[in-house]
Amino acid sequence: MKLFKKKEKLQEHPLEYWEEQSFMLAIPDKDYKWSRTDIINKISEIPNVKVEDNYFYNETQTLKVNLKYDDKEYEIGIYQRKFTMPDIYINSSFQLSNEEIEELKNATQVITIFMKFTDDIKKSFHLQLKIAVNIVPNLIGLIDESAEKLIPAKWAQLASSSQVTPGPNDIYSVHAVYNKSGEVWLHTHGLCRCGLTELEILKSNQENYKNHCDLINAFACFIIDKNKTFNPQEGSAHIGLLPNNKQIIVTCKSWVEAINKYNHLNLGGINDRKNGHNTKTSPIFIYKSKEDINNKLSYVTEYDELWGDNPIFFLSNEETDRMKMLARERFNYVKKASKDKNNEILIKVGLKTTKENESEHIWFELIEFKGNKFKAKLTQEPYLVDNIKVGDEKWFTIDDVTDWIIYTPKMEIKPNNVYLL
């Protein structure tokens, strides 16, 4: 497929307020009472937070709080307003109970918390969660306005109390817009507030959008972990492998340049950008080989016949370590779930490989716990680990754990969604 160019001159629009800063709406129960003194006291109670100063602006009814969190300085804005829950957030949120939905629909006020992220994106997001949960003790939900998604109260409460920051995937959302012909337009929300570009995939389709979504997630996590040390519009990222071991190398271009590389767009074209998706947002392209880098762009859809059943997308060392810490912090849920024989549990264990100072992370099926140890059976053939094969049973401790999954009769539970239990 050839790339077509048009000569129409386009310009990025200025960032919207929710893209310049991170806006989060904490939804309290009906008995919540706004109190400047209570808010300051509750923020001061957050570990590693030191409130330096605060001001109240009568004209906007906004409380500004200057604080330090782990030696980084933040200015937090907080205000109260009336509120009616938009149906779009209810309809797009999964696994809410009927009681939770009813509470959210009856909500009449929100406490808005807004702030500018520092260069530590995940820690900034974590701080905003902590503030929201602390100042609204009877939280019934959070709307992450910058990422355009609803955050369940139980997830927010669990995440805010964790010693581990939320992951890159928690900081943004991927939305899919589709039409009757089956075309799909994927785009993110939430990356601009991080000082990054939003990402898109144009000309996706219903057969391949899940693989495209995995690709956009892998690239988004890559640029969050790299932060401002990598320019995704100029550089290239090797983020995965196809089943035939072909490398997945991606880049992106500002929408003002990218849409002119398509001959025709039913979705994501100029008409769809008059009232949004017209600031800092960048469709993704691929390089089919290293030789193509900085020379020949290709559409993501040109890989549509090559995805197979199991494309591999890479995780950074930073993200692997974060996931490991979270899995260990919440390992007590695995112990509790193991008492119900209707649950099946897989535990990922890091085993030393034939290469020095390297580990291979492999899935085992849990058999039993005995004290601080657990016995598990290997479920997959290792690549670089000697003297072990599928079906072998071994004893491990929590120090060997790097991830886990609990399969209940109703759902799949991972460390990041244990609040569902």
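The values are calculated or read from the model by the stated rules, or taken from the named source; none is laboratory data. Here the structure is a predicted model, which means the values were calculated and not measured. Cβ sites come from the backbone with ideal geometry, for glycine too, and all protein chains shown count toward neighbours.
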- prompt: Is it true that VAL390 is in a loop (DSSP other than H, G, I, E, B), touching a residue at least 12 places away in the same chain (Cβ under 8 Å) and either under 29 Å from the mean Cα position of the chain (by Cα) or crowded, with 16+ Cβ neighbours inside 10 Å (or both)?
  reply: no
Residue that is touching a residue at least 24 places away in the same chain (Cβ under 8 Å), among the hydrophobic types (A, V, I, L, M, F, W, C), in a strand (DSSP E or B) and surrounded by 15 or more Cβ atoms within 10 Å (Cβ to Cβ), where the choices are ILE27, ILE40: ILE27
query: Among the residues of the range 187-226 satisfying the criterion of being surrounded by fewer than 24 Cβ atoms within 10 Å (Cβ to Cβ) and among the basic types (Lys, Arg), which is nearest to GLU319 (Cα to Cα)?
result: LYS226
- prompt: Mind checking which residues of the range 157-183 are β-branched (Val, Ile, Thr) and touching a strand residue (DSSP E or B) at 6+ places or on another chain (Cβ under 7 Å)?
  reply: VAL174, VAL177
- prompt: Does ASN54 satisfy being free of Cβ contacts under 8 Å to residues at least 60 places away in the same chain, more than 30 Å from THR188 (Cβ to Cβ) and surrounded by 15 or more Cβ atoms within 10 Å (Cβ to Cβ)?
  reply: yes
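The rows are residues; the columns are (1) in contact with a Leu (Cβ under 9 Å, 6 or more places away or on another chain); (2) part of a loop (DSSP other than H, G, I, E, B); (3) of a type outside the set (Asp, Glu).
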position	(1), (2), (3)
ASP214	no, no, no
ILE223	yes, no, yes
ASN227	yes, no, yes
GLN233	no, yes, yes
ILE239	yes, no, yes
ASN245	no, yes, yes
ILE259	yes, no, yes
ASN266	no, yes, yes
PHE285	yes, no, yes
query: Do we have any residue at all in the range 411-421 that's more than 20 Å from THR354 (Cα to Cα), modelled with pLDDT of 90 or more and part of a loop (DSSP other than H, G, I, E, B)?
result: yes
task: Starting from residues that are part of a helix (DSSP H, G or I) and touching a helix residue (DSSP H, G or I) at 6+ places or on another chain (Cβ under 7 Å), keep the ones in the range 294-318 and report whichever is modelled with the highest pLDDT.
output: VAL300
query: When the range 241-293 is examined, which residues are found to be small (Gly, Ala, Ser) and either surrounded by fewer than 15 Cβ atoms within 10 Å (Cβ to Cβ) or in contact with a helix residue (DSSP H, G or I) (Cβ under 6 Å, 6 or more places away or on another chain) (or both)?
result: GLY269, GLY276, SER289
- prompt: Just for strands (runs of 3 or more DSSP E) wholly inside the range 113-208: which have at least 2 residues that are closer than 19 Å to LYS228 by Cβ and not assigned by TED's automatic domain parsing to the domain that holds MET24?
  reply: 198-205
- prompt: Given (1) more than 25 Å from ASN266 (Cβ to Cβ); (2) surrounded by fewer than 23 Cβ atoms within 10 Å (Cβ to Cβ), where does ILE171 come up short, assuming only one miss?
  reply: (2)
